[in-house]
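Working notes, structure below.
Any read-out appearing in this document is the output of simple, stated calculations on the displayed coordinates, not a laboratory observation. Quick caveat, the model's predicted, so the values are computed rather than measured. Note: ideal-geometry Cβ built from the backbone for every residue, glycine included; neighbour counts use all protein chains shown.
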Amino acid sequence: MVDTKTITVTVNNEEYTSTVNVRKNLIDYLREDLGLTGSHVGCEHGVCGACTLDMNGQTVRSCLILAVQADGMEITTIEGLPSEGIAEELKKSFAKNNALQCGYCTPGMLSSALEYLNNGGRANKEEIRRHISGNYCRCTGYQAIVEAIYDVAENGVSK
Amino acid sequence: MTGPKFSFDKPGKYIGQPTERPDTRRLLKGRGKFVDDIQLPRMLHAAFLRSPVAHAKIKSIDTSIAENIKGVVKILKGTDFIGIVEPYVGVLSHLAGLRSAPQMPLAVDTVRWQGEPVVMVIANSRAIAEDAASEIILDLEDLPAATNTEKALDKDEPVIHSEFDSNLAWERTVDVGNVDEVYARDDVVTVEKQFLFGRHTGVTLEARATIANYDPSENQLDIYYSGQAPHMMQFIYAKHLDIPEENVRVTAHDVGGAFGIKVHTYGDEIATAAAAKLMERPIKFLADRYESFMSDIHARDHVINSKMTVSKDGKILALEYDDLTGIGPFSMYPRTSAIEANQVLNLTGGPYTIPNYRANAKVVFQNKNMMCQYRAVGHPIAMALCDGLLEEAAAAINLDSVELRKRNLIPDDTYPTTSTTGMKLDDLSHQKALSKLIEMMDYEKLKKENADLKKQGMYRGIGFCSMIEVTNPSPMFYGIGGAPIASQDGATIRLDAGGGIHVASSVTEQGQGTNAVLAQVAADVFGVDMDRVQVTTGDTKTTPYGGGTWASRGAGIGGEAVYLAAEALKDQVLDVAGVMLQSKPEDLNIDNGHVIDNLSKEKRMSLADLARTVYYRGNELPSDMSPELIATRHFRVTDTPFVFTNGAMAAHVELDIETGIVKILNFWAVEDCGRVINPMLVDEQIRGGVVQGIGHALYEECLYSDDGQLLNTTLADYLVPMATEMPEIHVGHIETPTKTSVLGAKGAGEAGTGGAPACIINAVNDILRPLGVTNYQIPMTPNRLLDTLRSAKI
Ligand code: FES
Ligand code: FES
C-alpha cells in the first residue's frame, strides 16, 4: 500500500512541494508541514467552519479535504490575505467593530465573509447572517461580526 | 502620595471609550499563538483510550498489539501513575459535609463514566497514537450504572463509591422566616412548578489543549496552557507531581474561548504533565471534539420542585424549592462541583424582597461525565426559577408581571442591604434597570402588537428577567475553603528606557479584551498613549501572583490592581522628575508621554528622557536618590464576599405551534456593571453571554441513554447557536460604580448567560399559559414544546 504521495501546492502565492501521508488532511498539512498555523481546527468534521479557507477561488473546509486533493491547487489562508482592497477593509472593520474575541473562529469567518463580499453580497444583515451560518463563533453574539461585514458591504473599499 | 490623582470626572482618553483591542491585529493576521500552534523539538503526542461504558471493573488491558505499532513510544495505564501522581479530592472546607473520592488521572481499577481516560498512548504523531489506542483491548466487567439524577439516592440504586453509604455528595438547607405560616393564610395564592435543566457544555471553539515539557537537569516543568488560572494550575502540577512550585511555569498565550470550561483539573492534562516528567520530553495533548463532549465539564443538570406564594395585592411572601443536581462520579478538583448548588441557594430571589424562604439542595453522584462550574455558575438556574415562578404568580393574581416585579424589587434607595439569603448587596439599580428596559423595548406597544397578531393566529410572547450577578469575588469564594485559588490579583508596571510602559498582570485573557482594558487603564492613569503600553498576562513566571480570570473578575480586580500600580508608578516618576526639573512633584503631571507642568500644561521633559537618565546616566542624579521606575500593587475585595451587579433583560419570541420552533425576534439587556471601561467590549461580552444563554434555553443538551452513553458527541448533533437564529441584541447600561474600588468596575462576563434563559423560558410560557399549558424543561426543543402543545387549548 502506498501511504505517501508527493504534491505541489501554491499557498499564499508560494509554491511548496512536499511528500505527505495520503491520509493527512489539508488543514493538518498547512499547520504541521508548512507551519501556517493561522487556520484553525474546531471540529474536524466539517461543521464549525474554523478551518474555512480559499482554494482555487472557492471557500472550502480544509478539514474535509485531503492534502493530496490539493495537489496543483492555489490556496489562500488568513496569513496570505492581502493588506489592501476588500480583505484589508474587512480586517479593519473586524477590529473596529470588535468582531472577534478569542479569534479562534476568525480565519474561517474572514474567509466566508470575503466569499460573500467578493460575490457581490449586499449590505443586508439577514443575508449576511445566513451566509456566515456555517461558521460557529462561541464568544461574540455574532452581531459585531454581522456589523463588520455589513459596513464593508455598504462602504466598499475606502479611497 | 504626591502626584495628582486621576479624575474620572473629565472623561479619560481611553477609560469609557470603545477603544480597539491591540490583540486583534495579531489575530487578524493569523499570528495568534494557541497551544496547538506551538511545536517543540522532540515533542511527542498523546491520545487516550477512554471508557466505552458508564461503570465497569477493569479486568485487564492488553496493549501488546498497540506497543508494536511503529512510532508508538510509550503506553501508560492508570496503575502506572500510582506513586507518580498524588491523588486529588474535590472538596472545600467551607462547604461543610461535601465529600468526594480520591481521583487519579486515569481510571485505576474501575471506570465511572463513559469518556473517562483509561489508557494513554504516546507516539510520534497524534495519528499514530490514535491508531494504537484503537488496537488496545480493554476487558471490562460491566457494573450497574447510576445515571438517573432523580433515582440517585434510592435504596436500590448502585452506590458509585463503596466508601460512602449513598450517592449523596453534599446537602444544604436554607430556612429564613417561616414559609409554613404563609401557606396557612387564606389571603394568598401559591403557584407550584417543576423545573428541569438539562446538561449542556461550553464548546470552546478551541478544545482543551496542553503541552508539558520537563527538564530533569533543573527539575523544571513548563506547561503551555489553554486556560484561565495559571497560578492555580502551577500549584496543582507542583503538588500532585511533587515538584517545587517555583519550578513549575504555566504559560497561557492565546486561548480560544474558556467560559469556565478551562479552569478545572482534567485527568488527561495531569497525565500529560506526569508523562512528560517520566519521559523527560515535551508531550502535546489536544482534546478532539469527541473527547471535549465526553470530558470537558458539563453544566447544570438540576431537577427543582418549587413554589412561590404571593399576596393578592402582589407581594411575594414566600419562596420554597428543593434542588437536586447531578455532578457525575466525582466532585471536580479543586473548585468542587457543589458550588453551583450553593450559588442557587444563595442567589435565587436575590433581586427581590422575599421575607420567607426555604430551600434544600442535594448534590448527587452519577455515572456520567463530571459537572462543574461553567459561565454564570448557578445564575441561570436561580434566575429562571424565581422569575419563572414570579410570572406564574403574576398570571395567577391577574397582574402584569412587570408590575409584580416593580412591587417586589429591592428599591434602588435602600442599599446597602442584605438579601433574604444573607448576601450583602450594594450599589444596585434594579428599578432603574427595569425602567430603562421597558422604555428601550417599548413594552406597552409590543404587548398590544402581540395581542393583535394573536387574532391572526400568530403566537408571540415576552419574557423578562431581573437578575443579580456575582462578580469580583473575595477570598470567601474559594480561598476560605482551602482551594489554591487566589482572589487577589497583582499588576506590575515598569517604565522602560524608551518611555513606554510594560504592564504585567495576573488576570488572564481569553478574548474578553482583558489586555486591552488593562492597557486602557494604565495608559490613562499613568499618562501615555495606548500604543506605548505593552501587556503581559498568563505567565506564572513573569506576572505577579493572582487568580486569573473567572467569576467576572478581570476588569474589576485586575483593572483595579493596574489602576493602583499606575498611580504608584506615576508618583515615583514625578518624584524623580521633581529632582531633575527642580520642581515640586505636586506641580507636575504626566500626559501623553511627557512630564508636564500641572498648571500651564507645558511639556517639561519626555518620559524617555527621564527614563534614559535614570537607566543610563545615573551619574546625573543626586547620589542619595535611588529611583524606582517600577511599581507593583495588588488588590482584593475586602469588606464583602462578592460585588454584585444587576441587570434587567427581556426576550420577544414567536412560537410556531405547528413545528414547535421558537424564533427569537428581539432581545434587550440592561446591565449595571459599574464603571464601563470599554463599552464596545462590554456590549459584545453581554451579547456573547446572551447567545450562550439562548443556546441553553433552546438548543444545547448533552443527551444520555439510560445506561450512561452520551448520545451526541459531534457538533453536528449537539446544536450551538448560529448567526441566522440569533436576534439583534440591544444593550443598555446603568453605571453605578462599586464603592469597593477606585475604578468602580464590576464584572460583565456572565450576565447574559445568567439572565437569557429565564427570559426565553418566560417568553415561551407567556405564549403557552393562555393556551392552558406551561413548559419548564430546558432546552425547550421543538419536540418538547410539541408534546406540551398536545394538551393545549388552541
Ligand atoms: S474544523 Fe473544519 S469545519 Fe470544523
Ligand atoms: S471569537 Fe472566539 S469563537 Fe469567535
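Observations on the structure shown:
- Label-to-label distance, nm, for residues given as residue B:159 and residue A:88 (7 Å Cα→Cβ offset): 7.2 nm
- Spatially, the stretch B:213-288 and the stretch B:343-416 are offset by 38 Å when compared through their Cα centroids.
- Neighbours of residue B:330, meaning other residues whose beta-carbon lies under 14 angstrom from its beta-carbon, give a summed charge of +2 when Lys and Arg score +1 and Asp and Glu score -1.
- Label-to-label distance, nm, for residues given as residue B:219 and residue B:288 (7 Å Cα→Cβ offset): 3.9 nm
- Residue B:39-residue B:545 FRET efficiency (beta carbon distance; Förster radius 35 Å; 0.05 resolution): 0.70
- Straight Cα distances below 17 angstrom link residue B:603 to the lysines B:570, B:584, with same-chain residues fewer than 8 positions distant left out.
- Going by neighbour counts of Cβ atoms within 10 Å, the residues B:189, B:119 line up, fewest first, as B:189, B:119.
- Beta bridges from DSSP with both residues in the stretch B:403-550: antiparallel share about 65 percent, rounded to the nearest 5.
- Estimated [θ] at 222 nm from DSSP helical runs (n ≥ 4, -39500 (n - 2.57)) normalised by residues in chain B, nearest 500: -8000 deg cm²/dmol
- Filter on B:315/B:447; B:151/B:362; B:424/B:746 - keep pairs with C-alpha separation over 21 Å: B:315/B:447
- Residue order for A:22, B:573, A:68, fewest other beta carbons within 10 angstrom first, comes to A:22, A:68, B:573.
- Between residue B:592 and residue A:123, the FRET efficiency from the beta-carbon distance, with R0 = 56 Å, is close to 0.90.
- Spatially, the stretch B:118-173 and the stretch B:47-62 are offset by 8 Å when compared through their Cα centroids.
- Two-site FRET efficiency, residue B:794 against residue B:421, from Cβ-Cβ distance with R₀ of 45 Å, rounded to 0.05: 0.65
- Degrees between helix A:143-155 axis and first principal axis of chain A (Cα, 0 to 90, nearest 10): 80 degrees
- Its Cα gyration tensor gives the stretch B:144-271 an equivalent ellipsoid. The semi-axes, each the square root of 5 times an eigenvalue, are 44, 21, 17 Å from largest down.
- Rounded to whole numbers, the Karplus 3J(HN,Hα) couplings from phi for the stretch B:362-376 are 10, 10, 10, 7, 9, 8, 9, 4, 6, 10, 7, 5, 10, 1, 6 Hz, using 6.51 cos²θ - 1.76 cosθ + 1.60 with θ = phi - 60°, and x at Gly and Pro.
- Global geometry of the stretch B:492-619, whether rounded, prolate or oblate, following the gyration tensor of its Cα atoms and the 1.5 cut on a/c: prolate
- Cα-based helix-to-principal-axis angle, A:85-96 vs chain A, degrees rounded to 10: 70 degrees
- Ranking of B:77, B:368, B:70 by count of other Cβ atoms within 10 Å, fewest first: B:70, B:77, B:368
- Within-12-Å neighbourhood charge of residue B:460 [Cβ basis; K, R +1; D, E -1]: 0
- At least 27 Å along the helix axis (C-alpha) and Kyte average at least -1.0, DSSP helices within chain B: B:559-581, B:679-698
- Label positions at residue A:157 and residue A:56, each projected 7 Å from the Cα along the C-beta direction, are separated by 2.6 nm.
- Straight Cα distances below 18 angstrom link residue B:59 to the lysines B:77, with same-chain residues fewer than 8 positions distant left out.
- Rounded, prolate or oblate (a/c below 1.5 giving rounded, otherwise prolate when a/b exceeds b/c) for the protein assembly as shown by Cα gyration tensor: rounded
- Neighbours of residue B:576 by Cβ distance under 15 Å: Lys/Arg scored +1, Asp/Glu scored -1, total -3.
- In plain terms, the chain from residue B:663 to residue B:247 could stretch by 144.4 nm, reckoned as 0.36 nm per residue minus the Cα-Cα distance.
- Reachable lysines, given that their alpha-carbon falls under 30 Å from the alpha-carbon of residue B:29 and they are not under 8 places away in the same chain: A:24, A:91, A:92, A:96, A:125, A:159, B:13, B:262, B:284, B:541
- Sequence-distant contacts, meaning Cα pairs under 8 Å at least 6 residues apart, place the relative contact order of the stretch A:85-155 at 49 percent.
- Beta bridges by DSSP in the protein assembly as shown, antiparallel share as percent, to the nearest 5: 80 percent
- Computed on chain B, with alpha-carbon pairs under 8 angstrom and 6+ residues apart, the relative contact order is 16 percent.
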